[in-house]
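The values are calculated or read from the model by the stated rules, or taken from the named source; none is laboratory data. The structure presented is a predicted model; accordingly, all values stated were derived computationally and were not measured. Methodologically, a virtual Cβ is constructed for each residue, glycine included, from the backbone with ideal geometry; neighbour enumeration extends over all protein chains shown.
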Amino acid sequence: MPLRVSAIICAYSDDREEQLKAAIGSVLNQETAATEILLVIDHNPGLMGRMMAAFPDSRIIANIGQRGLSGARNTGLRAARGDVVAFVDDDAVADRQWLTRMIGHYADPSVIGVGGGVVPVWSGGKPPWFPEEFNWVVGCSYRGQPEGVARVRNPIGCNMSFRREIFDRIGGFREGVGRTADDAAGCEETEFFIRARQAYPESSVLLDPAMRVHHQVAPERGRWNYFRKRCIAEGRSKTLVVNEVGAADGLAAERSYVLRTLPAGFFRGIAQSLFKFDPWGLARAGGIVAGLGFTTWGYLGARLAGGRR
């Protein structure tokens, strides 16, 4: 039997309405059609009404969980009828072969999740000081990730999928971990996939960089203040993940990232400045140091605060 795929898009913002329509259109235009498209509106009745008028053939439902991305995703999971659930962000556009590449990987019964590449589309142009090693700050693929199909701990939430049976067994995303409109936190997909791998120890989660979506990056996300805020929030989120699943699993990928990816990026920036006469090379090297410092600050601050409580 062919796999049934439920494609889920979660949305909350009036400001992204046109981007949301483009995201839905890209899923409707897939080479391999989804069994259903679920649009989950996060506590915004006005946006929900307009989307129901614009896309009468799609299933459009309201988030019945806690306000925020985790609650919206869980609402979609409860309503999904597919064997595989696939998530794409409301400000991302999927390649036409997105579902075709995704479904092919599930022919292997040991594969419980598949993620893909997230290509940044900088609305205001990419800031020259912004290091590619920190593209995760804006929800996109970053330098240091595998360049071909490979096993990973977890994919990026903007472009991910998994077998729905996992939700039936381990539950959904931790609603106290994920992002809300007022908080730049994240890591809900990290915590979810770690629990999934703990429940299915012989399973695999794959990253296929060619299974792409193109993610809009608003100009304000390329500013220093957002970079700082997002790094600190990531550190806080990592504390919550470690509390849930333990440090061994919760920080396994981060050790390699800190010990290998970031030093390589730092020296690359220095070399580009010295040998290629790139004046922004030093700025990118400094951004790597600052980003690591902000993230560590957020992590240690949350750990200390938790200890006092």
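Examine region 141-159 for a residue that is among the aliphatic types (A, V, I, L, M) and touching a helix residue (DSSP H, G or I) at 6+ places or on another chain (Cβ under 6 Å), and state whether such a residue exists. No: region 141-159 contains no residue that is among the aliphatic types (A, V, I, L, M) and touching a helix residue (DSSP H, G or I) at 6+ places or on another chain (Cβ under 6 Å). Scanning region 107-157 for residues that are basic (Lys, Arg) and either farther than 14 Å from Ser203 by Cβ or not in a loop (DSSP other than H, G, I, E, B) (or both) returns Lys126, Arg143, Arg151.
Quick one: in region 84-97, of everything that is touching a strand residue (DSSP E or B) at 6+ places or on another chain (Cβ under 6 Å) and outside any strand (DSSP E or B), which residue is nearest to Asp208 (Cα to Cα)? Spell out the reasoning first.
Here is the first cut: in region 84-97, the ones touching a strand residue (DSSP E or B) at 6+ places or on another chain (Cβ under 6 Å) are 84-88, 90-95.
The next check asks that each one be outside any strand (DSSP E or B); those that pass are 90-91, 95.
Details: Asp90: 21, Asp91: 20, Asp95: 13 Å.
Checking each candidate, the answer is Asp95.
Just checking, does region 167-177 include any residue being acidic (Asp, Glu), crowded, with 17+ Cβ neighbours inside 10 Å and either more than 26 Å from Leu259 (Cα to Cα) or within 12 Å of the chain's Cα centre (by Cα) (or both)?
Filtering region 167-177 down to residues acidic (Asp, Glu) leaves 168, 175.
Now drop any that are not crowded, with 17+ Cβ neighbours inside 10 Å, which leaves 175.
Right, trim to either more than 26 Å from Leu259 (Cα to Cα) or within 12 Å of the chain's Cα centre (by Cα) (or both) and you get 175.
Yes, because at least one residue in region 167-177 is acidic (Asp, Glu), crowded, with 17+ Cβ neighbours inside 10 Å and either more than 26 Å from Leu259 (Cα to Cα) or within 12 Å of the chain's Cα centre (by Cα) (or both).
Is there a residue in region 225-244 that is among the polar types (S, T, N, Q), loosely packed, with under 13 Cβ neighbours inside 10 Å, modelled with pLDDT of 95 or more and more than 22 Å from Asp90 (Cβ to Cβ)? Before you say what the answer is, go through the steps one by one.
Quick first cut of region 225-244, residues among the polar types (S, T, N, Q) only: 225, 237, 239, 243.
Right, trim to loosely packed, with under 13 Cβ neighbours inside 10 Å and you get 225.
Checking which are modelled with pLDDT of 95 or more leaves us with 225.
Next cut, more than 22 Å from Asp90 (Cβ to Cβ) only: 225.
Scanning region 225-244, I find at least one residue that is among the polar types (S, T, N, Q), loosely packed, with under 13 Cβ neighbours inside 10 Å, modelled with pLDDT of 95 or more and more than 22 Å from Asp90 (Cβ to Cβ), so the answer is yes.
Yes or no: Gln30 farther than 16 Å from Ser161 by Cα and surrounded by 14 or more Cβ atoms within 10 Å (Cβ to Cβ)? For Gln30, the condition - farther than 16 Å from Ser161 by Cα and surrounded by 14 or more Cβ atoms within 10 Å (Cβ to Cβ) - is not met. Total residues in region 49-75 satisfying the condition of being over 24 Å from Arg174 (Cα atoms) and not basic (Lys, Arg): the figure is 9. In summary, Ala53 fulfils each of the numbered conditions (1) under 20 Å from Met160 (Cβ atoms); (2) of a type in the set (Gly, Ala, Ser); (3) exposed (fewer than 15 other Cβ atoms within 10 Å of the Cβ) with the single exception of condition (1).
Where in region 193-309 are there helices (runs of 4 or more DSSP H), lying wholly inside it, with at least 2 residues that are closer than 14 Å to Pro131 by Cα? Break it down stepwise before answering.
On the way: elements: 224-245, 247-250, 252-256, 262-275, 281-308.
Ranges flagged: 224-245, 262-275, 281-308.
Listed conditions (1) within 13 Å of the chain's Cα centre (by Cα); (2) modelled with pLDDT of 95 or more; (3) closer than 27 Å to Gly298 by Cβ are all met by Thr190, apart from (2). Could you list, in sequence order, the residues of region 141-166 that are closer than 22 Å to Ala79 by Cα and aliphatic (A, V, I, L, M)? The answer is Met160, Ile166.
Gly104 meets the conditions (1) farther than 17 Å from Arg16 by Cβ; (2) part of a helix (DSSP H, G or I); (3) in contact (Cβ under 8 Å) with a residue 40 or more places away in the chain; (4) out of contact with any Leu (no Cβ under 7 Å at 6 or more places or on another chain) in every case but one. The failed one is (3).
Looking across region 100-117 at every residue that is in contact with a helix residue (DSSP H, G or I) (Cβ under 8 Å, 6 or more places away or on another chain) and crowded, with 24+ Cβ neighbours inside 10 Å, the one that is farthest from Ala210 (Cα to Cα) is identified as Gly113.
Residue by residue through region 265-283, note down the ones that are of a type in the set (Gly, Ala, Ser) and touching a residue at least 60 places away in the same chain (Cβ under 8 Å).
Correct list: Gly265, Gly269, Ala283.
Answer with yes or no whether Leu3 is in a loop (DSSP other than H, G, I, E, B), in contact with a strand residue (DSSP E or B) (Cβ under 7 Å, 6 or more places away or on another chain) and touching a residue at least 24 places away in the same chain (Cβ under 8 Å). Even if it seems obvious, please write down each step before you answer.
Numbers: in a loop (DSSP other than H, G, I, E, B): yes; in contact with a strand residue (DSSP E or B) (Cβ under 7 Å, 6 or more places away or on another chain): yes; touching a residue at least 24 places away in the same chain (Cβ under 8 Å): yes.
Answer is yes for this residue.
Applying a threshold of 6 Å to beta carbon distances and a minimum spacing of six or more residues, or different chains, the list of pairs starting in region 125-143 at a residue that is in contact (Cβ under 8 Å) with a residue 60 or more places away in the chain and ending at one that is in a helix (DSSP H, G or I) and among the hydroxyl-bearing types (Ser, Thr, Tyr) reads Glu133/Thr261.
Looking at region 234-255 only, could you name the residues that are farther than 13 Å from Gly186 by Cβ, of a type outside the set (A, V, I, L, M, F, W, C) and touching a residue at least 40 places away in the same chain (Cβ under 8 Å)? Residues satisfying the conditions are Asn243, Glu244, Asp249, Gly250.
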